[in-house]
Structures are given as C-alpha cells and as structure tokens.
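Step one of this worksheet: look at the structure below.
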Amino acid sequence: MDKTLNLSEIHKNHRKRLKERFMKNPQSLSKHELVELLLFYSIPRRNTNPLAHLLIDKFGSVSNILRADPKDLMTVNGVGENTAAFLYLIGKLSETLDEESADDLVIYNYDNVKTYLVSFYAKADVEIFCAFFLAKDGRVLRRETYSSGNADKVSFLCSELAREVAIIKPDSVVITHNHPSGNPLPSRDDDVSTERIYYMLSFAGVKLYDHVIVAKDKTYSYRSDGRLAKIEDKFKNFI
C-alpha cells in the first residue's frame, strides 16, 4: 500500500512539475514531453510518458500525431477511443487556428514578414524551424513548426516539407529558423540546408521564396542578401 501511495504521489508531482515548466517556458519541453502533457487530460491516472514515446516513434512528429486518423491512433497500445478522439480534436482545433491566423498574414516581401517573425521567435531560447506555405498571392495557407532535435536535421526537414507540399500544394514556401546566440548570420550548415531544401522544393514544382534567420531583434534574409539567387543559378546549371 505504501509503495502504491508513493508511486501515485510521484506521478502527481511529476505532472505538476511538467505543467509548471510548460506554463513558465513552453519552448523548454521536448516533443515527447508536449505529447505526455497533452495526454494528462485524457489519461488522468497513468504514467503517459511511455505512450508519448510510442506515439512519436510511430507517427514521427507532434503534428503528424494530431493529424492522424483516430483509427490509426488506436493501433498504438494504450490509446483508447477517448484518447484518440481527444488528440484528433486538438489537431482539428490547431488546423482551425492556423487557418484563422493565416487570414491575417500575407507575405509579399522581406520587410513585411520580419516584424512578424521577430515577435514569433521572441521567447524562443532553443532553435526552432518554421515553414510558411504560400498561395500565389502571398496568403499563408499554413504555418508548420518543426523540432530541431533530429540527428539528421536536414533530411528530416526535407521529408517533412515534402509531405506538407504534397498535401497543401502551395505556390511557394518561406522557411525560417532562429539563432538563440543572437547572431543572425547563416552558418555553413544553414547554407547546406537551404540549398538542399531549395532543390527538393524545385523538383516538386514549388518555389523557395526565402529563408529568414531571426536572432532576437535582428534578421537575415537569403533572398535580400543575394544568396538565394546564387542557389537558383546553381540549380539552373545543374538541370
């Protein structure tokens, strides 16, 4: 009995600490912890950490979990009908919010988007990658945020972007990420990832409109600095 009570108290304290971390700094939580926290509200009396890992392992990302069909979610051991419905509902609410926020943002040049991005990344103390999928008139069809914790980040991002492009069918894409160090200048890795993403999108018939790096209140644009034009020229020679 004492062990049961102790375990119950441990889980209760863990849930409290995780909620407090989230309320204080949402960016500090890993994707597994975000899913674990979300599961608290559909599974009130069980350790949800193992299930969060199972879901991430099967679907690959938080966004894929929230967009998954409830029947697919229920193939994961530990996910019942209520939890599947709850996750599916959160996904649908997220899609609605993205659609509503997209109505307020039209990207037609660098100056237009940089103020928004400085505000978007203001509280981020870890690197976050974001993609804006645009219609021909610059309207944002969808904004997606991706974890940077994957070992092969570039391959992961290309895979995720390819999946989204196939679904959304945008005219162009703006990719962005932040440098918590405060220096907005691109690194060699940034150059490599930009080129690979440009090639992947081009072969899919989608234009990479820009890659913007945000560092606190400073920003850097691959298009404005001419680096994107060099990648475009290199691609033309390649094909």
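The values are calculated or read from the model by the stated rules, or taken from the named source; none is laboratory data. Treat the numbers as computed from the prediction; the structure is a model and nothing was measured. Positions of Cβ are backbone-derived with ideal geometry, glycine not excepted, and every protein chain shown enters the neighbour counts.
For first residues located in the stretch 158-169 and more than 14 Å from Gly205 (Cα to Cα), partners that are outside any helix (DSSP H, G or I) and among the hydroxyl-bearing types (Ser, Thr, Tyr) and lie 6+ apart or on another chain with Cβ distances below 7 Å form the pairs Glu160/Ser61; Glu160/Tyr146. Kindly check whether there is at least one residue in the stretch 78-99 that is at pLDDT below 90, part of a helix (DSSP H, G or I) and hydrophobic (A, V, I, L, M, F, W, C). Yes, the stretch 78-99 contains a residue that is at pLDDT below 90, part of a helix (DSSP H, G or I) and hydrophobic (A, V, I, L, M, F, W, C).
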